[in-house]
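Notes follow once the structure below has been shown.
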Amino acid sequence: MTTANTTGTATLTEGVRAEATIDLAALRGNLDALRARIGAASVMLAVKADAYGHGAVECARAAVAHGVGWLGCATPEEALALRAAGIRPEQARILCWLWTPGGPWREALRAGLDISVSGMWALDELLPAVRETGIPARVHLKADTGLGRNGCQPHDWPRLVEAARRAETDGLLTVVGVWSHFAAADEPGHPSIRAQQDSFRTALATAEAAGLRPEVRHLANSPATLLLPEAHYDLVRTGLAAYGLSPVPEVGSPADFGLRPVMALTARLALVKHVPGGHGVSYGHHYTTPGPTTLGLVPVGYGDGIPRHASGSGPVQVGGKWRTAAGRVAMDQFVVDLGGDTPAIGEEVLLFGNGDRGEPTAEDWARAAGTISYEIVTRIGARVPRRYLGAEHTEGLPA
Ligand SMILES: *Cc1c(COP(=O)(O)O)cnc(C)c1O
């Protein structure tokens with residue numbers, strides 16, 4: 001693992017085509033900034049989808065070394081991979097919430113995972129696995145308080161709660177958590193926010209009336225962590241904000257919330273060439289050079305997670321100037337019009353970063369592609385090597 005500095009102003013590693021630098025010092029700083037907002041509540045770092053493209057194992061390790069005791073995964077496979085990488089139950093609880101029939105219940109019990117249960121079908125699969133392994137389950141019951149995605153509908157909730165309580169009394173499981181997820185916490189004032197909070201209170205009251213005493217009640221994602229203190233309860237589940245991006249760009253930038261982008265994406269110009277005016281550029285010739293100019297070839301494309309929807313709009317910085325993807329983003333490459341400039345072949349192209357060098361951010365790419373910054377960083381593919389900055393701090397060396 002290469003480490004350069006902890007400032008996040010990464011320089012591209014010698015000889016590489018492209019690279020995503022992951023600033024673990026920024027991750028730690030973001031976790032501190034989030035903790036400062038949540039009083040006595042704890043942080044769960046969402047590390048699903050390879051930590052939103054940042055590297056699940058590396059980010060989980062850095063967070064755990066920084067005192068984070070909860071990790072969140074979508075699939076049990078993601079959670080099992082973290083245990084296989086050496087993150088032990090006494091270091092961090094790992095909740096996985098997206099189960100399907102036939103899932104790895106036994107492996108999850110043996111690995112000491114926390115298991116989310118959204119319906120009776122899951123208890124019906126989990127309890128035989130508990131009896132077989134002799135390992136009581138740690139369960140978080142998930143209520144659908146209005147998102148209309150995963151979680152148990154209010155109508156079915158009392159029955160699920162009663163069944164879980166019976167299993168708890170029988171020593172088969174502990175209901176560690178009761179939880180839910182917001183639909184529109186990123187839209188301040190959206191009527192669903194208050195309705196979901198009311199519904200969550202009702203779900204909690206039903207659970208308590210049935211005798212359940214969950215250690216953690218949790219509802220907040222990043223936007224709710226930043227904007228809705230009354231939704232913090234005992235634990236907040238933060239992904240995007242911990243990775244230094246704003247879940248509410250219309251409300252505030254990362255800096256406004258004391259956050260710093262963790263990922264920067266850089267590539268190396270693969271070609272610089274003079275072309276005449278009227279020259280079509282890339283598939284379909286959706287860009288034509290307005291006059292004699294220079295073109296720069298950026299050797300990343302949608303095969304690396306660069307959105308094709310950012311054809312003609314995706315911003316980069318080359319030689320201190322912003323340029324725009326000229327024509328289509330292809331699978332492996334796209335082109336920028338350098339307007340007559342002749343940077344060296346091999347010169348750095350900053351696609352996005354924390355903005356310290358005046359470069360675009362993931363949010364700029366999100367806007368260019370008509371999506372959200374979540375998708376921009378999460379999609380950066382396995383073909384792009386990750387370089388970790390600030391990892392030495394995890395080992396206790398001077399920062
Ligand atoms: C992804 C996810 C989160 C984290 O969301 P952010 O907005 O990135 O903080 C929290 N809870 C659930 C259920 C999720 O799926």
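At-a-glance table
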item	result
Test: residue in the range 124-137 that is buried (at least 17 other Cβ atoms within 10 Å of the Cβ), within 16 Å of the ligand (Cβ to nearest atom), modelled with pLDDT of 95 or more and not hydroxyl-bearing (Ser, Thr, Tyr)	no
Residue pairs meeting the criteria (Cβ under 9 Å; at least 6 apart or on separate chains; first more than 11 Å from Gln197 (Cβ to Cβ) and of a type in the set (Asp, Glu), in the range 220-235; second more than 8 Å from the ligand (Cβ to nearest atom) and not in a strand (DSSP E or B))	Asp234/Ala40; Asp234/Ala41; Asp234/Pro214; Asp234/Glu215
Residue match in the range 62-81 (condition: among the aliphatic types (A, V, I, L, M), more than 19 Å from Ser222 (Cα to Cα), in contact with a strand residue (DSSP E or B) (Cβ under 6 Å, 6 or more places away or on another chain) and within 14 Å of the ligand (Cβ to nearest atom))	yes
Residues of the range 229-258 that turn out to be away from the ligand (no atom under 12 Å from the Cβ) and not in a helix (DSSP H, G or I), as a count	10
Check on Ile94, of a type in the set (Val, Ile, Thr) and buried (at least 21 other Cβ atoms within 10 Å of the Cβ)	yes
Evaluation of Leu12 against (1) within 16 Å of the ligand (Cβ to nearest atom); (2) assigned to a loop (DSSP other than H, G, I, E, B) (one fails), failing number	(1)
Residue check for Ile380: in a loop (DSSP other than H, G, I, E, B), hydrophobic (A, V, I, L, M, F, W, C) and crowded, with 21+ Cβ neighbours inside 10 Å	yes
Qualifying residues in the range 206-228 (those that are in a loop (DSSP other than H, G, I, E, B) and more than 13 Å from the ligand (Cβ to nearest atom)) - the one surrounded by the fewest Cβ atoms within 10 Å (Cβ to Cβ)	Arg213
Scan of the range 259-274 for residues that are buried (at least 17 other Cβ atoms within 10 Å of the Cβ) and not in a loop (DSSP other than H, G, I, E, B), ordered by number	Met263, Ala264, Leu265, Thr266, Ala267, Arg268, Val272
Any chance Gly353 is buried (at least 17 other Cβ atoms within 10 Å of the Cβ), in contact with a Pro (Cβ under 9 Å, 6 or more places away or on another chain) and modelled with pLDDT of 95 or more	yes
Cross-chain or 6+ apart pairs with Cβ under 7 Å, the range 143-164 first and more than 24 Å from Ile193 (Cβ to Cβ) and in the same structural domain as Leu212 (by TED's automatic domain parsing), then in a helix (DSSP H, G or I) and modelled with pLDDT under 95	none
Residue that is buried (at least 24 other Cβ atoms within 10 Å of the Cβ) and within 20 Å of Leu235 (Cβ to Cβ), where the choices are Asp32, Asp114	Asp114
Meets criteria (over 20 Å from Arg17 (Cα atoms) and crowded, with 20+ Cβ neighbours inside 10 Å) for Ala326	no
Residues of the range 154-172 that turn out to be small (Gly, Ala, Ser) and not in a helix (DSSP H, G or I), as a count	1
Scan of the range 181-198 for residues that are within 16 Å of the ligand (Cβ to nearest atom) and part of a helix (DSSP H, G or I), ordered by number	Ser192, Ile193, Gln196, Gln197
Members of the range 289-323 that are within 26 Å of the chain's Cα centre (by Cα), part of a strand (DSSP E or B) and either of a type outside the set (A, V, I, L, M, F, W, C) or not assigned by TED's automatic domain parsing to the domain that holds Arg383 (or both)	Pro315, Gln317
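The values are calculated or read from the model by the stated rules, or taken from the named source; none is laboratory data. All of these numbers come straight from a predicted model, not from anything done at the bench. Cβ sites come from the backbone with ideal geometry, for glycine too, and all protein chains shown count toward neighbours.
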